[in-house]
Each structure stands twice: as structure tokens, then as C-alpha cells.
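Read through the structure below, which is laid out as C-alpha cells, and then see the notes.
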Amino acid sequence: MKNNALTFPMNNQMLSLLSDPILFVHRDGTVLGGNPVAYTIFNMDPSLRHSITDYIEFSLLTGSSNSHLLMERKMEKGGLLEIKSLLLNENLYGLILNELSVKDKVDEIKRYINQVSNNATEGIVLYGESLILDCDETFAEMFGYTRKEIIGKAMSALIDPKSYEKLVDMEHLTTEELLELRGIKKDGSTFYVEVLEYPYQTNGKILRTASIKDVTDRVENERRIEYIAYYDELTDIPNRNFFNIVLKEAINQAKETEEHIAVFFLDLDYFKEINDTLGYAFGDELLKACANRLRIFQQTDTFISRMSGDEFLILQRHTTREDAKKLAEKLITEFEKPIQIKEYEIYITISIGISIFPENGNSASDLVKHADSAMYIIKEKQRNYYNLFDSSISENFRMMLTMESELRKALKNGQFELYYQPQKNLIDNEVVGLEALIRWNHPDRGYISPNKFIPLAEKTGLIIDIGDWVLMEACRQNKEWQDKGFRPMTVSVNLSAKQFYQRNLLEKVECALQETGLEPRYLELEITESMAMANEEEILKTLHDLRKLGVLVSIDDFGTGYSSLKYLSIFPISKLKIDKMFLNGLQRENQAIVRSIIHMSHALNMKVIAEGVETIEQLNFLTNEKCDEMQGYYVSKPLPADKLMEFLV
């Protein structure tokens, strides 16, 4: 048969005997001939002229001499044909057709994908340029549809618009490349899916097949981990790690542009007292409120973060020393405004240390460290203010670090000693107690004042170990004196705030008494007034537990804090200690205060002891006012254990 000057490779009789549908097509798309079964597939009338381009995308088959493609029929959406194309001569193509249902192809592809991925949780979808041709139940359920509902929907309706752009471009990706997209369920909720297209056909424009996996848990966990790595969970502002990254980048940029940057180290004043008084939950709310207040200062050239606890960091780019001072003043002014939390109106101030690049350091760690050092100095001297770092601060901190190291060695090598100051009963003029006072006998520098090393021990936490040693040694020495036949008397031991707030304080006191054999009634623990008035419920429980044990408890430096008669009336306190400041000069006002403390204490069945008594006038005044006990240089200065014999007999 001849047509368009082309010769078929076989006659019509032989062609009709073939079971496979075959068409012969001119390069321009004209159908030149074929067997009946092929005409039937396309519903063509063999007596009429037809163009194959009306039925399939014939241009996709003419790109090579041999093609094997899966194609969608134009006249029947969802109808699939598997077509093998062979270029017979310059202008003649032979097409071998295989009619498929979408379900057949889905099953075939599913078997293929399962062999590759071995993951039954993946859904499988077939889609054309835009519409879903078919899918399995897993895919439909993943998006909240039935299989019937989802077939024929546009893929763009199931994928977030921004994610869908990636999916459209997927034909340019390798077939092994995973895409992470945001899916949209039938109810409008979103979730994360991982998409992998498989190389089942040679051209994605014909039919696209993909496996879809729900990876929401993994993505959310990854994002959660990333959030924790760079943000503070409580305040929802960047954390120290994030700050360091931004600071390092700012330093590199500043080196190139020769600009200055400033690092601010902020610390909330009296936060610990608020936390202890109103509770940790309240403290957390206060920290969140402070973080929100700092957000006001978040600008293009400033970066806010939380360091830890009640400490915050601010980075200021493109700045000068004067600009840094102005920002510090604005911060201080902002924090002088009250913060409303529940029914409380809280007034809280801040102390700020500032370091400047490059004068105060060339690295992120140095700038933060020096800003911290500057803050520490201003907090010690004058709160609610700011301080710029200078080299003398660094030298002081080096000395502090050296002393901290030596403090640890002192505890390990037994360099601490206890001195004891006698306490005399004013009624019978007898020594009835001794206050244990720590001394540091440094091997090179001699005796170091407690005023120098106790604050450092408090800051570093060494006060816990030092306090444990003082408690044990005081009990041991007192028991030793009793065993030698000296008159039994009470030994008083000062507790720091950190010691007193320990959860295992009672166990430590019991252990000291058991190991030394000292009776509890001969041990008195001294706490400060501010310690006693904070966190009422916990303090009250601790005090009652100590009294049940048989230990005495007194309040030191009474009158210097914020006393409450309510607390004094319910706390099981055995003695109040009048601070020596009220005896200096014995002005009329001080006399009135001392007189009031003595009378109030006796009314509450407490004893009173005055410290710092140095003159006969002070002694006579206390005696006339019926003060119970006294201690001070008038009786004796603190002495080492071997110098106390005259007071023990």
C-alpha cells in the first residue's frame, strides 16, 4: 500500500493478523495505516484521514529513533497508553500500542516503588501536568480524602503554594533528589511530606509518579531541636549560642569597615530576693516581662538575647562610646517603670556592663567576659547604673580568679582555722557561748580577712563546702572541750544563704552532730534577718525541723533588714542578735531602737544578745535595759581554740 510516497513494511493482510495494536504515522502526524485493533483504541474510522496529534502528544515520540513512553490520551482524561515508537525511515514511524488502565499502572508502579523503598508508610500518586490521575489509599488517607475524592483534583490544591513551586521544578531535579514540601489536608490543616519521583517514564511531562511520605514528626523535631539550640524557651528570644554567632559575624564585619560595636551585659537587681519571696513561677513571669521590655530596643543595629538566669545580652552595631552610653541610659530609664504581674506591681532595676570592640577585645568571648566584669563591678558598688569596661577591671578579675583557685587549695590543704569569740551572760557575768568565726591562714600572705574571701566564696558556690567544714569543726572542737572536762556551753555557727537554702541542710547538721557526738542543745545556728524573711513556708519548715532536732536558731544582724513581727511571732527563734551599728555612739535614736528590740524579744520569749560591745558605757546601757547577753572586744576579741582556756573554766 502506498500513501504519501511511503511504503509500509508489511501488507494489510499480514497487518490484520497481528494482535498488538500497530499504527504507521507520517512525521507530520498523519495516520497512514494500521490494524483494526489500533483504530479501535482511538475510535478512528479507517476510511477517514486522521492526525495522531489529535489523540496523543506525538511530538514527544519524534525526538529519537526509538522511544518507549507512558502517555495520557487527549480525548480521554485518565486513559493511558504505553507506546513503543520506532523510526522506520526518514518520515515513517511505527507505533506499537498497549492500552492500560490507571489502576494497572498504579499497581505496577507501586510494586516497583515498594521494591525500591521497602516502606509501606509511603503513599503513591500518578499525576499529569496538573491533575491527579490515580493514587493508592495511603496517599488519599494522608491528605484526609477518600481515593475517589482525590482523583481528578489538582496537585496544587494539596500542596502549599510556596512548596508547589518546588514540585513544578522537580523535572529539573535528579530522580534521586528528595523534596520536603508542606501539604494541605482536606480540613485545611498542614503537615510536612517528603516527595521522591521515580524514573519510571523517560519524560515527566507525560506522566509523573511519586512516593509521598508524612515526615511531620521528624521535621517538627528537627525544628524543635534547632529552636532549642538558638532560642530561649522561657522568654522566646535568642539564647547565648545565637548571640555568639551574631556577635562573631558582627566582629568580622566591623574589622572590614573599621567600625565599633558594643556588648551590653544586663543583670536584674534583686531578682533572687523576688524569686525567693514570690516563688519561681512568679520569677519566670518576671523574666518573660523583662524580655518583652527589652524587645522594644530590638532594631536593625541591635540584637537582644538571654544569657542565663536573670542575665541578658545586647549587641549594638555601628556605634560609639557615647552611643553606647545613651542606649544604657535608655535601658535604665525603661526599667525604672513598674512591671505589672498578676496583682503585683514590681519595680526592678538593672545593672549594665559595657565592652567596646576593638578597644576591649577582638573576640566574642572577650567582649562578653569584659562586659560581665564591668557589670559585676557596678552591681557591687551602685546598682541601677552602667559601667564601661577598663583594664583595671580585668586586673581585679585576674586577682579574683587567682584567689578562687587558692580558696579551693585552702579547703583541700587545711589552711582554714576557727577562732571563737566569747558570749557573756549579763545577769551572772558568765561566758555561756562562743561564736565560731573562720580565718584563712595563707602560707605566703598570712591571715586573709573574711571580708575579702567570703563574698568570693558566696559567688563561686565554695561557701557550701567551706560552711560544711566550719559546722563540722565547730561541733568537733566543742565536744573536745567538753570531753576534757570544761564547762559545757553553746557554739554558734553562721550559715550563709546558700547553706540555709540547701534541701539537705537538716541531714548535714544531723551528720555533724552524730559524727562528733555533740548534743544538739550545744549548737546554735545563726541566720541573717533577710534570710529569715524570704520564702516564708520553706523557711518555717526548715526552722521547725532544726528545732525538733534540738538545735538552737538565732537571727543575726537584727534591725538591719526588713523585719516583720508576724514572722518573728511564728518562727521558732531562740535569740535575736542586735547589730553593732546600733551601739555606735549610743545616740538617742539608736538607744530607742535597742530598747525596743530588747522589750519586743522578751515579750516573744526570746533572748537578746548584743554584738560589738567595746565600752563600759555600752555595757552599762545594755545591763540597765535587761539585755541577756553580749559579745565584743570589751570581753574579748576572737581567739584561736588554744587561747580560750580562761573563758572555758
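When peptides 26-35, 331-340 are sorted by average Cβ neighbour count within 10 Å, with the highest value leading, the order is 26-35, 331-340. Stretching Q591 away from N429 to a fully extended chain increases their span by 56.1 nm, per 0.36 nm per residue minus the current alpha-carbon distance. Computed with every protein chain present, the accessible area of M44 is close to 20 Å² [probe 1.4 Å]. The label point for R49 and the one for Y447, both projected 7 Å from the Cα toward the Cβ, are 12.4 nm apart.
Rank these by accessible area, largest first, 1.4 Å probe: K580, K452.
Output order, biggest surface exposure first: K452, K580.
The Cα center of the stretch 280-295 and the Cα center of the stretch 595-632 differ in position by 45 Å. Potential lengthening of the chain between N98 and R408 amounts to 102.9 nm, from the contour at 0.36 nm per residue minus the alpha-carbon distance. One decimal place: the segment N292-R547 gains 87.3 nm when fully extended, by the rule 0.36 nm per residue minus the C-alpha distance.
Stick to the Cα atoms of the stretch 237-303, pair each with every other, and give me the Kirkwood hydrodynamic radius in Å at one decimal.
Working: mean 1/r = 0.0704 Å⁻¹.
For the stretch 237-303, inverting the mean 1/r across all distinct Cα pairs yields 14.2 Å.
The overall shape of the stretch 407-552, judged from the alpha-carbon gyration tensor, is oblate: a/c is not under 1.5, and a/b is no greater than b/c. Would you work out if the chain is rounded, prolate or oblate? Take a ≥ b ≥ c from the square roots of the eigenvalues of the alpha-carbon gyration tensor; rounded if a/c is under 1.5, else prolate when a/b is larger than b/c, oblate otherwise. Prolate shape, in that a/c is at least 1.5 and a/b is the bigger ratio. With R₀ fixed at 22 Å, the C-beta to C-beta distance from E165 to E220 puts the FRET efficiency at about 0.45.
Sequence gap at least 6, Cα distance under 8 Å: using those rules, report the relative contact order of the stretch 239-371 to the nearest whole percent. List each step's numbers first, then the result.
Values: 187 pairs, mean separation 48.7, N = 133.
In percent, rounded to a whole number, it is 37.
Past 26 Å, Cα to Cα: identify those pairs from K248/K325; K288/K326; K379/K409; K541/K577; K479/K643, in the order given. The answer is K379/K409. Evaluating 6.51 cos²θ - 1.76 cosθ + 1.60 at θ = phi - 60° for every residue in the stretch 438-452, the Karplus couplings come out as 7, 9, 10, 9, 6, x, 10, 9, x, 6, 10, 4, x, 4, 8 Hz, glycine and proline recorded as x.
Sequentially through the stretch 613-624, phi angles give Karplus couplings (6.51, -1.76, 1.60; θ = phi - 60°) of 6, 10, 10, 5, 5, 5, 4, 5, 4, 5, 5, 5 Hz, Gly and Pro residues having no value and appearing as x. For the stretch 31-39, backbone phi angles converted through the Karplus equation (6.51, -1.76, 1.60; θ = phi - 60°) give residue-by-residue couplings of 7, 8, x, x, 8, x, 5, 5, 4 Hz, Gly and Pro being listed as x. The apolar share of the surface of the chain, taken as the fraction of accessible area on carbon and sulfur atoms (1.4 Å probe, ligands and nucleic acids excluded), comes to 49 percent. Between Q382 and Q502, the distance separating the two model label sites (each 7 Å from Cα on the Cα→Cβ line) works out to 3.8 nm. Residues W481, W469 ordered from highest to lowest accessible area at a 1.4 Å probe: W469, W481.
Which of L88, Q415, T319 sits farthest toward the positive end of the charge dipole of the chain, with +1 on the Cβ of Lys and Arg and -1 on the Cβ of Asp and Glu? Checked the options; the winner is Q415. With the simple model of a label 7 Å out from the Cα in the direction of the Cβ, K255 to T146 spans 6.7 nm. In a simple Cβ point-charge model (Lys, Arg +1; Asp, Glu -1; nothing else charged), the chain has a dipole of about 160 debye relative to its Cα centre.
Shape call for the stretch 125-164 from the C-alpha gyration tensor, a ≥ b ≥ c root eigenvalues: rounded (a/c under 1.5), prolate (a/b greater than b/c) or oblate? Oblate is the answer for the stretch 125-164, as a/c is 1.5 or above yet b/c matches or exceeds a/b.
What's the ranking of 223-229, 289-295, 91-97 by average number of surrounding C-beta atoms within 10 Å, highest first?
Details: 223-229: 11.0, 289-295: 17.1, 91-97: 19.0.
Ranking, from highest mean packing down: 91-97, 289-295, 223-229.
The values are calculated or read from the model by the stated rules, or taken from the named source; none is laboratory data. This is a predicted model, so every value here is computed, not measured. Heads up, the Cβs are rebuilt from the backbone with ideal geometry, glycines too, and the neighbour counts pull from every protein chain shown. With ligands, DNA and RNA removed, areas are computed over all heavy atoms of the protein, side chains included. Shrake-Rupley method; radii C 1.70, N 1.55, O 1.52, S 1.80 Å.
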